[in-house]
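Some notes on the structure that comes next.
What follows is calculated from the coordinates using simple rules that are stated; it is not laboratory data. All values reported here derive from a predicted model rather than from experimental measurement. We place every Cβ from the backbone using ideal geometry, glycine too, and count neighbours over all the protein chains shown.
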Amino acid sequence: MSATILIIALAYAQVALALAGVLLGLRILWGPRAQDRVLALDALYVAIMLLLLVTGMRLGTAFFFEAATVIAIMGFVTSVALAKFLSRGEVIE
Amino acid sequence: MTALADVPLALAIPIAALVVLGSTLTLIGATGVLRLQSFYDRLHAPTLATSWGTGAIIIASALLFTFIDGRAVVHEFVIGAFIVLTTPVTLMMLGRAALERDRAEGGKAMPEMPEPDPSPDHGPDRGPDRGPNHGRSET
C-alpha cells in the first residue's frame with residue numbers, strides 16, 4: 001500500500017518535472033531576448049536538479065545526490081557569469 | 001522497489017504529499033516562465049521552484065533516506081541552503097542586467113519608467129517581444 005502511494009507520487013513528480021523542463025526549453029527556444037533565455041536556463045537547472053533528486057528517491061540510491069549538487073553549483077556559476085556578460089559585455093573585469 | 005515497500009504508511013503519505021507539492025509548484029513556475037508577457041513578470045516565476053518546490057522535495061528525500069538508511073540523512077539540506085542563498089543573487093544580477101540593457105536601448109519595455117511621448121498604447125505590461133525594436137535588438 002505504501003509502496004503504491006510512493007510509486008504513484010514519484011511517477012507523477014517525474015512527469016511534472018520533465019514537463020516543466022520542456023516548457024522552460026520552449027522559452028529558451030522562443031526567447032525573444034537574451035535575458036529571457038538566461039532566466040529560463042537558470043530555471044531549467046533547478047527543474048533538472050529536482051528531477052534527479054526524485055529519480056534517486058524512486059530508485060532508492062543516493063548516487064543521484066552528488067549529480068544534483070554539482071548541477072546546483074554549476075547552475076549558479078553559469079547564471080552569474082551570463083548575467084555579468086549581459087550587463088557589462090565581459091565576464092571577468 | 002523493495003526499499004519503498006518497507007516504508008510505513010504514516011511516513012509514505014507525508015513523503016508522497018511533499019513530492020507532489022514540490023513538483024506541482026515547479027510545474028506552475030515553469031508555466032509562468034512560458035506564459036507571462038513581460039520579462040520583468042517572468043523574473044518572478046522561477047522562485048516558485050526555488051522556494052517550496054526545492055524545499056518540499058528535499059524534505060521528502062531526507063525523510064525517505066533517513067528511513068531507508070536507518071540514520072539521520074541531512075545532506076540534502078546542503079542543496080537547499082545553496083539554492084536559497086544563490087537564487088536571490090542570480091535573479092537580482094539578471095534583473096539589473098536586463099534593466100541596463102533596456103535603458104541603453106531607450107526603455108520601451110521597462111516597467112514604470114516615464115515615457116518621453118505619452119502615447120496610450122505603451123502600457124507597462126507591454127512585453128519586450130512586441131516592442132517596435134523587435135528583430136533588431138535580438139542578441
| said: Rg/Rh for region B:2-109 to two decimals, with Rh computed the Kirkwood way over all alpha-carbon pairs. | reply: 1.16
| said: Tell me the relative contact order for region B:2-109 as a rounded percent, counting alpha carbon contacts under 8 Å between residues six or more apart. | reply: 25
| task | Please order B:Asp102, B:Asp41 by the number of other Cβ within 10 Å, starting at the fewest. | result | B:Asp41, B:Asp102
| remark: Here region B:84-90 yields Karplus 3J(HN,Hα) values (6.51, -1.76, 1.60; θ = phi - 60°; whole Hz; Gly and Pro given as x) of 5, 6, 8, 5, x, 4, 4
| Taking neighbour counts of Cβ atoms within 10 Å as a proxy for exposure, in what order, fewest first, do A:Met1, A:Met57 appear? | A:Met1, A:Met57
| message | Give me P(r) over chain A, computed from all C-alpha to C-alpha distances, binned every 10 Å, as integer percentages. | response | 16, 37, 28, 14, 4, 1
